[in-house]
Amino acid sequence: MTNLSKKLEILGESAKFDRCNYINTNTDNFLANKLPGIYHASIRDGCTVPLFKVLMTNKCSNDCRYCVNHNRHNFNRVEFSPEDVTSIFLEYYHNQLVEGLFLSSGIPRDPEYSMENMVEVAHKLRMKHGYQGYIHLKILPGSPYDLIKRAVSLADRVSINLESATSEGMENLSTTKNYDTDIIRRMKWIKKLLSGNKQFSPSGQTTQFLVGAGDETDLQILEKADWLYKKMDLKRSYFSPFEAVKDTPLESHAEPHPKRSPRLYQADHLLNSYGFDLKELVFDDDGNLNLDRDPKYIAALEHEEKYPMEINEASFKDLLRVPGIGKISAKRIIQSRKAGKNILKLEELKKIGVVIKRAEPFIKLNKNYQSTLEF
Ligand code: SF4
């Protein structure tokens, strides 16, 4: 095995704890292809896209307690040069093994040094090799403004990991990263840069929360995500479940319930895509979502006075709040009404995509109850 191949195996493996897509929560996506660094990122409709996902280096001077690269871990540390990453990526790309690049890095010296190396890779690919495909660059906490500006001018998407919903939460995870100055301030810069130039990172900025590494509640996490959508023009949040990795200070820390992250994704989707207000979601006394039922169903039960809802009279906004009715089916119901056609049978709703089993107890069709629900 060449020196470069060894590095690739180590740094491709180290990159797997960063999420780069909405649906995937499974590190096995790295195993789908035996070649190191190739990651099958899930996109919508069950499709996957192979990305070259790698760290520039696993050397790091930070002490993030959840991360295998933390500064006190004595293990094999290696580093790629920008030329290394560029040549491996192009080889994979020209052999049609990958369709894009997702690049991150440890921070061995200062953020400027590591960010400069990452930007250099993107610059070489775009300017020297004429590569026009997908590039996602991680913005490292504490990176200088001019390098962030260069990064957004070269990448399709940028992201900076928040990990924690509060600055106190971050203090418990790392003594070397400052939540407000190293992360939130950089997010503000990115927002400003992107809003001033449509050419810059057209897919916008995203972030990742590390769910269960600290004691933050679902409410705190969703409040922060909601704030980021409104104030930072965030495109998407990832809710990655904390994994207790061996040889980290948190190796004995309990991992979150397997349903916690999926419930956060569902709640986030209601806020970000269905126009729900945070106040409409239901949390238990500890500030967490119900793990047994999805947040939309629980919210509907909480507002029993609205149900059963007359499908042929409800607004688009109200239809979206009915379990089993999604955006497409709500649109079709409204279109049908505008065309002068009332929906009279469950069979018709089924045809336009409504999940009848879920919707039935919450709806009326031409004033007729479809089934009853024990509230
Ligand atoms: S900055 Fe923190 S999370 Fe990133 S590589 Fe270093 S120790 Fe790991």
Residue within region 253-263 that is outside the structural domain of Arg126 (by TED's automatic domain parsing), hydroxyl-bearing (Ser, Thr, Tyr) and within 30 Å of Thr175 (Cα to Cα) present: yes
Residue check for Lys296: more than 17 Å from His269 (Cα to Cα) and of a type outside the set (Phe, Trp, Tyr): no
Failed item in (1) closer than 17 Å to Leu271 by Cα; (2) modelled with pLDDT of 95 or more; (3) surrounded by fewer than 20 Cβ atoms within 10 Å (Cβ to Cβ), with Lys235 passing the rest: (2)
Residue match in region 290-313 (condition: within 21 Å of Leu346 (Cβ to Cβ) and among the β-branched types (Val, Ile, Thr)): yes
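Would you list the helices (runs of 4 or more DSSP H) that sit entirely within region 279-375 and hold 3 or more residues that are more than 30 Å from Thr217 (Cβ to Cβ) and among the charged types (D, E, K, R)? Even if it seems obvious, please write down each step before you answer.
On the way: elements: 295-302, 316-319, 327-338, 346-351, 356-359.
So the answer is 327-338, 346-351.
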Conditions (1) more than 30 Å from Val119 (Cβ to Cβ); (2) not assigned by TED's automatic domain parsing to the domain that holds Asp156; number of the one not met by Asp215: (2)
Filter result (within 12 Å of the ligand (Cβ to nearest atom) and assigned to a loop (DSSP other than H, G, I, E, B)) within region 110-138: Asp110
Residue within region 204-216 that is within 25 Å of Asn69 (Cβ to Cβ), in contact with a Pro (Cβ under 8 Å, 6 or more places away or on another chain) and of a type in the set (Val, Ile, Thr) present: yes
Conditions (1) crowded, with 20+ Cβ neighbours inside 10 Å; (2) farther than 30 Å from Asn74 by Cβ; (3) touching a helix residue (DSSP H, G or I) at 6+ places or on another chain (Cβ under 9 Å); number of the one not met by Thr206: (3)
Thr248 vs. criteria assigned to a loop (DSSP other than H, G, I, E, B) and buried (at least 17 other Cβ atoms within 10 Å of the Cβ): yes
Filter result for the condition that a residue is charged (D, E, K, R), away from the ligand (no atom under 16 Å from the Cβ) and free of Cβ contacts under 8 Å to residues at least 24 places away in the same chain, over Glu91, Glu83: Glu91
Enumeration of residues in region 152-172 that are touching a residue at least 40 places away in the same chain (Cβ under 8 Å), surrounded by fewer than 21 Cβ atoms within 10 Å (Cβ to Cβ) and closer than 27 Å to Asp215 by Cα: Thr166, Asn172
Residue ID - nearest to Lys306 (Cα to Cα), chosen from residues in region 281-296 that are in contact (Cβ under 8 Å) with a residue 40 or more places away in the chain and surrounded by 15 or more Cβ atoms within 10 Å (Cβ to Cβ): Leu281
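The values are calculated or read from the model by the stated rules, or taken from the named source; none is laboratory data. Since the model is a prediction, treat every value here as computed from it, not as a measurement. Neighbour counts run over all protein chains shown; Cβ positions are idealised from the backbone, glycine included.
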